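All remarks here apply to the structure that follows.
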């Protein structure tokens, strides 16, 4: 499996510890500390962990990863566009 991992960057362009973008053959993942929060498949399907708003920091970087605010994310969850699961694995 090809895998690349990079730290996320803040709005100021600084590297952020404990917030990661993980690229695999299955798509791109957002990991906060040791928890995978979101997966965007190669076809564009978004899956979120039920821990997607565990903390303000996780929420901030989830929004950066998805390029949308929490209100938009929750509308997409409610409409069924985004799937919520208890755990995401690579």
Filter the stretch 55-68 for residues that are free of Cβ contacts under 8 Å to residues at least 40 places away in the same chain and part of a helix (DSSP H, G or I); the one that is nearest to the chain's Cα centre (by Cα) is 62
Considering residues that are touching a strand residue (DSSP E or B) at 6+ places or on another chain (Cβ under 9 Å) and assigned to a loop (DSSP other than H, G, I, E, B), the number found within the stretch 69-83 is 1
The residue that is nearest to residue 69 (Cα to Cα), considering only those in the stretch 15-37 that are in contact (Cβ under 8 Å) with a residue 40 or more places away in the chain and touching a helix residue (DSSP H, G or I) at 6+ places or on another chain (Cβ under 6 Å), is 37
Only unsatisfied item for residue 82, checking (1) surrounded by 12 or more Cβ atoms within 10 Å (Cβ to Cβ); (2) more than 19 Å from residue 5 (Cβ to Cβ); (3) within 11 Å of the chain's Cα centre (by Cα), is (3)
Residues of the stretch 34-54 being surrounded by 11 or more Cβ atoms within 10 Å (Cβ to Cβ), in a loop (DSSP other than H, G, I, E, B), more than 10 Å from the chain's Cα centre (by Cα) and modelled with pLDDT of 95 or more, in sequence order, are 45, 50, 51
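The values are calculated or read from the model by the stated rules, or taken from the named source; none is laboratory data. Given the structure is predicted, the values throughout are model-derived calculations rather than measurements. Ideal geometry is used to build each Cβ from the backbone, glycine not excepted, and the neighbour counts take in all protein chains shown.
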